[in-house]
Amino acid sequence: MAGVAGGNDFQWCFSQVKGAIDEDVAEADIISTVEFNHSGEFLATGDKGGRVVIFQHEQECKNRPHLRGEYNVYSTFQSHEPEFDYLKSLEIEEKINKIRWLAQQNSAHFLLSTNDKTIKLWKISERDKRAEGYNLKDEDGRLRDPFRITSLRVPVLMPMDLMVEASPRRVFANAHTYHINSISVNSDHQTYLSADDLRINLWHLEITDRSFNIVDIKPANMEELTEVITAAECQPNQCNVFVYSSSKGTIRLCDMRAAALCDRHTKFFEEPEDPSSRSFFSEIISSISDVKFSHSGRYMMTRDYLSVKVWDLNMENRPVETYQVHEYLRSKLCSLYENDCIFDKFECCWNGSDR
């Protein structure tokens, strides 16, 4: 099936980013998430140091059309800083967990970035002109004495070197008790979802001080907890439909028109386990770390530790295709468990030619 993440285009692009990282890289410089914008012109990466680096796709060289354009650094900014929750005596890492681009409405670009607790909306804009000829300010920005102004000037815009500015527009905080693992922008371009281990909230992009809880799987007794939410994603064409995955390898599709709290799913996707292949690690490696709808909304793709699966929304009992990505690690699961690498999370995405 065309369009599955991990294809040549994505691997080539990611190698461009990875190649810029030194072998002796600091922990803060390790990339924690990547996200293309809708056109594929920009690639945003978040790292463990709380920074967001945006790469822009350069056009193919006319003299060498067989070479694909490279992704070069477009903008870098500090998105999150380390914090401390004094009420819970808990350190909050600055690591960027997810980045999501908003649909472009004008010349500026907007994206959401989140760490474990706080989501921020950023505006990325270009400036290649500056205003000169102020009446009340000197050229260096200092205020002039109004009694010494003897004539009026008309400010004019003068060309300057291109400068890319990243400015925070909104901060969405204090809505999640547990660590945020995913955010997803809705197709209405006005709302978005944020999910942690036990709850999913619905936000309006213009309102920062409140959100609506639409999924809550926290049991009355935490000892009865059997699974946690691992990812949530909005349907690209229907703003009332979304899915969320769990640590048990299941996916639930919900419709917000059914009830204010989507405690009952509309569809339930799960692949039956082969009893002959069950092992101590089966439940760990079956946990879904990411889920993405195709652009048409007909299919969705899930990523677990060893494979990528493509599901048809009309068939709940098994995926239509399975791609073994890390099958060679199956014989090394014991070692991976001992050094905690078995708990690593992987993302997936569709390319522009998917169904």
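The values are calculated or read from the model by the stated rules, or taken from the named source; none is laboratory data. Model, not experiment: these values are computed from the prediction. With ideal geometry, Cβ positions are generated from the backbone for all residues, glycine too; neighbour counts draw on all protein chains shown. Just so you know, the surface numbers come from the protein's heavy atoms only, side chains and all, with ligands and any DNA or RNA stripped out. Shrake-Rupley method; radii C 1.70, N 1.55, O 1.52, S 1.80 Å.
Things worth noting here:
- Test for I183: is it aliphatic (A, V, I, L, M), on the phi < 0 side of the Ramachandran plot, surrounded by 12 or more Cβ atoms within 10 Å (Cβ to Cβ) and within 17 Å of the chain's Cα centre (by Cα): yes
- Residue match in the range 173-190 (condition: in contact with a His (Cβ under 7 Å, 6 or more places away or on another chain), closer than 30 Å to T208 by Cα and free of Cβ contacts under 8 Å to residues at least 40 places away in the same chain): yes
- Candidates N213, N201 - the one that is open to solvent by 50 Å² or more (accessible area, probe 1.4 Å), assigned to a strand (DSSP E or B) and touching a residue at least 12 places away in the same chain (Cβ under 8 Å): N213
- Among the candidates A5, A103, residue that is at pLDDT below 90, in a loop (DSSP other than H, G, I, E, B), among the hydrophobic types (A, V, I, L, M, F, W, C) and closer than 22 Å to S184 by Cβ: A5
- Candidates in the range 327-355 are the residues that are surrounded by 12 or more Cβ atoms within 10 Å (Cβ to Cβ) and either among the basic types (K, R) or over 23 Å from the mean Cα position of the chain (by Cα) (or both); of these, the one that is nearest to T230 (Cα to Cα) is K345.
- Index of the failed condition, G141 passing every other in (1) open to solvent by 60 Å² or more (accessible area, probe 1.4 Å); (2) assigned to a loop (DSSP other than H, G, I, E, B); (3) over 30 Å from S194 (Cβ atoms): (1)
- Residue list for the range 218-236, restricted to those being open to solvent by 10 Å² or more (accessible area, probe 1.4 Å), aliphatic (A, V, I, L, M) and either in a strand (DSSP E or B) or under 21 Å from K292 (Cβ atoms) (or both): V228
- A count restricted to the range 105-129 and to residues that are surrounded by fewer than 23 Cβ atoms within 10 Å (Cβ to Cβ), farther than 19 Å from W203 by Cα and out of contact with any Asp or Glu (no Cβ under 9 Å at 6 or more places or on another chain) stands at 3.
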